[in-house]
1. Once the Cβ-Cβ distance between Val605 and Gln235 is put in as r, and R0 is 45 Å, what FRET efficiency do you end up with, to the nearest 0.05?
2. Toward the positive end of the charge dipole of region 94-291, about the Cα centre and with charges on Cβ (Lys, Arg +1; Asp, Glu -1), which of Ile120, Ala220, Pro110 goes farthest?
3. What is the calculated FRET efficiency for Ala538 to Asp501, with r their C-beta to C-beta distance and R₀ = 30 Å, to the nearest 0.05?
4. Going by how many other Cβ atoms sit within 10 Å of their own, how do Arg601, Arg323 line up, fewest first?
5. If you put +1 on each Lys and Arg Cβ and -1 on each Asp and Glu Cβ, how big is the dipole of region 457-526 around its Cα centre, in Debye rounded to 20?
6. To the nearest 20 Debye, how big is the dipole of region 190-266 about its Cα centre, given +1 on the beta carbon of each Lys and Arg and -1 on that of each Asp and Glu?
7. Go through Lys61/Lys587; Lys40/Lys151; Lys479/Lys596 and tell me which ones have a Cα-Cα distance over 27 Å in this structure.
8. Compute the distance in nm between two label points, each set 7 Å from the Cα along the Cα-to-Cβ direction, one at Arg93 and one at Arg281.
Amino acid sequence: MTHIGRNIGRYRILEELGSGGMSVVYKGLDTALDREVAVKVLHPHLANKSESRRRLAREAKAVARLHHPNILEVFDFSAEGAQDAFLVTEYVRGRTLKEYVDELGRLEPPELAAMVVHEIAAALAHAHESGVIHRDIKPENVMVREDGVLKLMDFGIAKLLDIEERMTVTGALVGSPAHMAPEIIEGHEASPETDIFSLGTILYGLMVGRLPFTASNATATLKRILDGAYEDPRQRVPTLSDELADICATCLARDPARRYANAGKLRDALGDYLAGLGFARVGEELTSFFADTASYQRLMRPRIIASLLERGERLLAEKRTPRALACLNQVLALDGSNARALALLGGLERERRLKKWRARGLKLAVGLLAASVLGVGLHLLQRRPPEAPPASKPSPVVVKPPRTSEAQAHVSPSVKTPPPEPHPATPAQVAPSRPPPDKRPPAHAEPARAESARVAPVPISILVRPYGYIRVDDGERSKQPLAQHTLEVAPGSHTVTITCDYCEDTQETIEVQPGAENVFRLRALLKSSRLSFMFEPADALVRVGGEVRTVRETQEHPFEIQSPKGPATFQHRVEYEVSHNGYLTEKRVALVEPGKSTTVRGALVAE
C-alpha cells in the first residue's frame, strides 16, 4: 500500500525514496514549516506491535538529542495511538555511500577510505558519548550530501526487531550479515564495540573493494565472521600502510575487548594518522574529493609521497631506522621509481656496509695485534742462550731418513739414498682435470643451460611484508631491503630467500608462469621480542597470553613475544593484564618491536 499523495499527520507524502525489510522511506513536505523532510514509515507487521512502537519512540527521543554535522537530524515521530508508525528526519539531497562504492570501486589511495570512516566515527563518537548505539552501521545508512558532507542515519532502527527477527530479516534497513559483529550473531546485546566492528568492515571494503567476510551465502558469511577469518588487506593493496592496516585489524578483532572501546578512540587514531600525512581538515578534504573525484585522487598521491619522504628523513635523523624504512617502502609502493626514496635507501645500504667493514677491520686489527705480540714473544725466546748439556754421557744421535718406499725402510741409517728419479706417467695415470666438488656442475647442467637459454626470462614482482632483502635461488642478494622487488627470471620453480636486519632467514618457493601476471606475496619472519614489567606492587600477577608471572619474575625472565609472520609493521600490539588482591585489574596493550626489549612501567590503583 503506497502513501504517495496522502498526508501522514502534517506531512504530505510526495514520492518514494526507497524501501527495505523494515520500512519505506518517502520524500515529504512539512506543511506547518514548509520544508522538505524524509518520512520513514514502518511496515504494518512492525507498526501493529505495541512493543515496536514503544521502541521507536524511545530511540527517536534519544537520537533527537544528538546534534552533530554528520548525523541526520530527527524532527518528529508518531504518537503512540497514531494509525501509522513513522519517523521524520531532515531530507538530504545526495546518494548513499553504497551507491558511491558501487560506482567507484575501492578508494585509492587507501587514505581516502580512512577519511570517510573518520567522519562516520566522529558522528558515532558523539552518539556513544550520549549513550546511543547505532546497531546498524553499513554503507546504505550513510548519505553523501551534494556538497560532500557525510550523514549517518537510522540510529537504533535495528533494535525495533527482536534478536530472532534480526537473524531472519536481511532487508536494506536491518543490515547485511556481512556487517554484523560476532557478538550480535551469538545473541548478545549491542555495545559501542559492536559499532566499531561494523565500521571496520566498511573501512576494509573501501580500501580493498570487497567486504572482509563475504561468502557465497549468508550462512557462510556468518560463519566466517564467527571464525574471524578474513584476508589481510595488504595482500590486495600494496599501497596500504602498516599503520592503517593495524587500525583496521583492531576494529575487526573477534573479541570486543580488543577493539577500540568507542568511536572516539577510532576517530582519534584515524585523525592522528591522517594529520601525520598533512590531512588535518578531513571534512574539507572530502568535500574536494566528492566534488571532483578523479582530480583529487591524482593530486592526493604526490601529497602523501612528499609527507612520507619528509617523515622518513626525520626518522633517519633520529636513528629510528625501522620506522623510516616503513615510510620509504610505502613511498616505493606508491612510486616505484622515486629517486629520493631510492637515494635514502642507498645511503642506508652504504652505511650498513661501512659498519660491516668497520667491524671486520676491528677484528683484523685485533688479530694483527695478537700476531705481533706472539711474534715478539717467539723472537725473545729464540734469543735466549742455549742451555748447557747435562754432565752425563750424551745419547747417540740417530738420523732417520724419510721412508720413500718399502725397500728403503730397511736401508741402514748411515747410508744416504738418493731420491728416485721421476718416471713419466702413462695417460691412464694422469688424473683428469676437474673443478672442486662444490663447483662441479651436474651431468645435466649443459643441456639445462642450453634449454634455459632458449626460454626468455619473464618479469615478476615480489612483495615482501614488512620488507626485506631477497635472493632468488643461488643468485646475488638484492641491493636494498624493499617491500616490492621487480626482476626477471626464467619460468619454473624458484626458491626465494628473505632476510633483513630484524628478521629470521626464511625461504619460500614460487612458481613462475610464462604469459601470466607473476606477483608473489611473501612474508618475512620477524625476530621475537622481550617484554618485562616494572609495576607496583612487585608481587602483582602479569598475564600475557597463556603465561602468568609476577612483576618481579618478569624482570629476571621477560616474556618472549613471538612476532607474527609478515605483519608489515615493526610494532605489534601485545595485550597484557596486571592484577593483585585489593587492587583494580589493569588491562592494556603494549607495543613491542622485533628483536628488542620493552619494559612496561606503572602502578595498580587500590580498590
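Please treat every number below as a calculation from the coordinates, not as lab data. Computed from a predicted model, the values in this text were never measured in an experiment. Because the Cβ atoms are built from the backbone with ideal geometry, glycine has one as well, and the counts that use them run over all protein chains shown.
1. 0.60
2. Highest projection toward the positive end goes to Ala220.
3. 0.30
4. With the sparsest Cβ surroundings first, the list reads Arg601, Arg323.
5. It comes to approximately 220 debye.
6. That gives a dipole near 200 debye.
7. The pairs that break the limit, which is 27 Å between Cα atoms, are Lys61/Lys587.
8. 2.4
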